Amino acid sequence: MNESPLEVAAGCAHPERRRRALARWFRHLLRARSDAPLAARAQGRLVGLAGAAAPGACLLPPARLLGLLPVLLGFGPRACARRVAWLARWGERDPEVPHWHVGPVGVEPALQGRGIGTRLLDSLCARFDAARGAAWLETDRADNVRFYRRFGFEVADEVEVLGVRSWLMQREAGASTRS
């Protein structure tokens, strides 16, 4: 995620600083959620993660968002403002109907293409289907669009955020997945 187009566009130019700030961001964000993410480990090391906020829990209440402000400022003032604009832009499009909100999803780059992400998404989709719930996600990579389509997600909208194309994707409850 460190090199995603939106992360780079958000303005934290130094890759190592961005990596550290992202690690803090996701630690705090995941703690703010009620559902634990799915994790893939290899030799005791985290190599993949897939989270989804339960229906009604994807937009954090203002008090929790304020608690994230110090973490956001770790990106630097300009990058913080750009990240807030990014999240607001995606939030404008968040469906009003109950849905699972997918993210973060990621696999360590050196291990991509080995089925780790597929297993994580299969598990998430099984959770959605058991709950008969729709799902929603945003991505800034065309390759991810192809990947998520394999699990029944369809593009609902495309928006530009910080000059970067984003795809907003939905999955209906019980959508067919790859065979």
Here the residues within region 90-111 that are in contact (Cβ under 8 Å) with a residue 60 or more places away in the chain and either open to solvent by less than 20 Å² (accessible area, probe 1.4 Å) or part of a strand (DSSP E or B) (or both) are His99, Pro104, Gly106, Val107
State all residues of region 35-78 that are more than 18 Å from the chain's Cα centre (by Cα) and small (Gly, Ala, Ser); if no residue qualifies, say none. Ala42, Gly44, Ala63, Gly67, Gly74, Gly76
List the residue pairs whose Cβ atoms are under 7 Å apart, where the first residue sits in region 122-138 and is in contact (Cβ under 8 Å) with a residue 24 or more places away in the chain, the second is in a helix (DSSP H, G or I) and surrounded by 14 or more Cβ atoms within 10 Å (Cβ to Cβ), and the two are 6 or more positions apart or on different chains. Ala135/Phe128; Leu137/Tyr148; Glu138/Trp90
Meets criteria (over 13 Å from Trp136 (Cβ atoms) and either open to solvent by 30 Å² or more (accessible area, probe 1.4 Å) or part of a loop (DSSP other than H, G, I, E, B) (or both)) for Ala85: yes
Condition test on Pro37, is it at pLDDT 75 or above and surrounded by fewer than 14 Cβ atoms within 10 Å (Cβ to Cβ)? no
Among the candidates Leu72, Leu49, Leu6, residue that is open to solvent by less than 70 Å² (accessible area, probe 1.4 Å) and at pLDDT below 80: Leu72
Can you report the number of residues in region 112-152 which are open to solvent by 30 Å² or more (accessible area, probe 1.4 Å), over 16 Å from Pro5 (Cα atoms) and touching a strand residue (DSSP E or B) at 6+ places or on another chain (Cβ under 6 Å)? 1
Taking Val159 as the residue in question, decide whether it is under 19 Å from Ala50 (Cβ atoms), of a type in the set (Val, Ile, Thr), in contact (Cβ under 8 Å) with a residue 24 or more places away in the chain and part of a strand (DSSP E or B). no
When you look at Cys58, is it more than 17 Å from Ala175 (Cα to Cα), out of contact with any helix residue (DSSP H, G or I) (no Cβ under 8 Å at 6 or more places or on another chain), in contact (Cβ under 8 Å) with a residue 24 or more places away in the chain and surrounded by 19 or more Cβ atoms within 10 Å (Cβ to Cβ), yes or no? yes
Checking Trp167 against (1) open to solvent by 70 Å² or more (accessible area, probe 1.4 Å); (2) under 18 Å from Glu7 (Cβ atoms), which single condition isn't satisfied? (1)
For region 112-156, which positions are closer than 19 Å to Arg89 by Cβ and part of a helix (DSSP H, G or I)? Ala142, Asn144, Val145
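The values are calculated or read from the model by the stated rules, or taken from the named source; none is laboratory data. These numbers come from a predicted model, not from an experiment. Glycine also receives a Cβ, built like all others from the backbone with ideal geometry; neighbour counts cover every protein chain displayed. Surface areas here come from the heavy atoms of the whole protein model, side chains and all, with no ligands, DNA or RNA. Shrake-Rupley method; radii C 1.70, N 1.55, O 1.52, S 1.80 Å.
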